[in-house]
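Participant: Below is a structure I'd like to ask you about.
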Amino acid sequence: MNDVADLAGVSKASVSRFIGDDRQLLSVAIARRIEQAIDTLGYRPNQMARGLKRGRTRLIGMLMADIRNPYSVAVMHGVETACRKHGYSLVVCNTDRDDEQERLHLAALRSYNIEGLIVNTLGHHLDELRELHHELPMVLVDRKVDELHSDLVGLDNIATVRQALDHLHASGYRDILLVTEPQDGTSSRIERVEAFMAQIALRSDMRGQVCETSDKLEVRLQAFLAASGHGPKAIFTGNGVATLITTRRLHELGCPLFAEVGLIALDELDWYPLVGSGITSLAQPTHEIGVTAFECLLKRLAGDQAPARTYDFAAQLIVRGSTRPVH
């Protein structure tokens, strides 16, 4: 700053105003001289240092369980887009479903002086999360964390499962297998399984069962395909990861897609239209979920003290050949 002031022939205070929030106090001529001096010297302000001095870093943290999950990437893009629009930067930490990594990342995010945090993990380090929540606003995405009273943004799982079964029923399917990733305490997966069993119980002409994407999936699929007496069969996959694993297993079993069994998938991925006659999906508004998560933080940063809110989004049914009518 001293070098810029010397070259521009102005005071250091004028340079400080120019790079800060008081540029309007300077005359046009002085501002132009400072700008030319900055260009000549290649000066770049240290944004982190400026933020620390003012008590604001304009950094938002995002703690994610698995950055490889297409859902996570899509939501993160929505968050980042909203951050950029409002002049914030996003710091993303991937725990890779590892509790120790989650603890380390929480400590790192605190050291960066983030202004708010978006959480998409199981929240096994509840004490650390609660302590951090006392210092800054926090929003949960997709997954509830017990005893953490924060805004929650995600899918209306109960309505989405009902929508899937309504479509399968209307298309003539009566024997349904729900394939989910291991529940492992993930609230959204648990909600989908519970909603599935509750909806099946209400439909006397439908049979439903649940299996996980474990080593036994191929055996379970074989048994499901071989069983008879319950009507046309369909598989309902609980997210994009489960859809990919299930489709691979069906291919390995030599099952012609989708002649012997229907398939409806929660999540919409780019490759769904390319498999067989296309996979019917229930698309989550991932971009909108990400944007809403950031906007919740923005309200809290502005002083909103209202009780924690839940934002449940509806899924969009996209019908393709994998659920062709079988009446």
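Here, each number is a calculation from the coordinates, and none is a lab measurement. Model, not experiment: these values are computed from the prediction. Positions of Cβ are backbone-derived with ideal geometry, glycine not excepted, and every protein chain shown enters the neighbour counts.
Participant: If you plug each phi of region 58-65 into the Karplus form 6.51 cos²θ - 1.76 cosθ + 1.60 with θ = phi - 60°, what whole-Hz ³J(HN,Hα) values come out, in order, with x for Gly and Pro?
Facilitator: 6, 10, 10, x, 9, 9, 10, 6
Participant: Please arrange MET206, MET76 by counting, for each residue, the other beta carbons lying within 10 Å of its beta carbon, fewest first.
Facilitator: So the ranking, lowest neighbour count to highest, is MET206, MET76.
Participant: Next question, about the same structure. Would you mind classifying region 80-184 by shape? Square roots of the alpha carbon gyration tensor eigenvalues, ordered a ≥ b ≥ c; an a/c under 1.5 is rounded, otherwise it is prolate if a/b is larger than b/c and oblate if not. Present the calculation step by step, with values, prior to reporting the outcome.
Facilitator: Values: a/c = 2.71, a/b = 2.00, b/c = 1.35.
Prolate, since a/c reaches 1.5 and a/b exceeds b/c.
Participant: Which listed residue (GLY116, ALA31, TYR71) has the Cα farthest towards the positive end of the charge dipole for region 1-139, taking +1 on Lys and Arg C-beta and -1 on Asp and Glu C-beta about the Cα centre?
Facilitator: Of the candidates, ALA31 comes out farthest on the positive side.
Participant: What does the extension gain come out to for ASP3 and VAL219, with contour length at 0.36 nm per residue minus their alpha carbon separation?
Facilitator: In short, 70.5 nm is gained.
Participant: Tell me the net charge near LEU250. Cut-off is 13 Å between Cβ atoms, LEU250 excluded, with +1 for each Lys or Arg and -1 for each Asp or Glu.
Facilitator: Neighbourhood net charge equals +1.
Participant: For a Förster distance of 22 Å, can you work out the FRET efficiency between the beta-carbons of ARG68 and HIS287, rounded to the nearest 0.05?
Facilitator: Numbers: r = 19 Å, r/R0 = 0.85.
Calculated transfer efficiency: 0.75.
Participant: Okay, next question. Hey, rough spin-label estimate for ARG110 and ILE318, points 7 angstrom out along Cα→Cβ, what's it come to in nanometres?
Facilitator: Taking the two extended label points, one gets 4.2 nm.
Participant: Please say if the chain is rounded, prolate or oblate, where rounded means a/c under 1.5 for a ≥ b ≥ c the square roots of the C-alpha gyration tensor eigenvalues, and otherwise the choice is prolate for a/b larger than b/c and oblate otherwise?
Facilitator: Prolate.
Participant: When we measure straight from the Cα of LYS216, which lysines land under 24 angstrom away, once same-chain ones fewer than 8 places off are left out?
Facilitator: Within the straight-line cut-off, LYS216 pairs with LYS233.
Participant: Calculate for the chain the 222 nm mean residue ellipticity that helices alone would give, adding -39,500 (n - 2.57) per DSSP H run of length 4 or more and normalising by residue count, nearest 500 deg cm²/dmol.
Facilitator: -13500 deg cm²/dmol
Participant: Under 17 Å from the Cα of LYS299, which aspartates and glutamates turn up, not counting those fewer than eight places away in the same chain?
Facilitator: GLU80, GLU115, GLU135, ASP151, GLU288
Participant: Using only the Cα atoms of region 207-327, build the gyration tensor, take square roots of its eigenvalues as a ≥ b ≥ c, and label the shape rounded, prolate or oblate: rounded if a/c is under 1.5, else prolate if a/b is larger than b/c, else oblate.
Facilitator: Since a/c reaches 1.5 and a/b is larger than b/c, the shape of region 207-327 is classed as prolate.
Participant: What do you get for GluC sites (Glu not before Pro) in region 121-161 restricted to DSSP loop and a cutoff of at most 10 other Cβ within 10 Å of the site's Cβ?
Facilitator: GLU147
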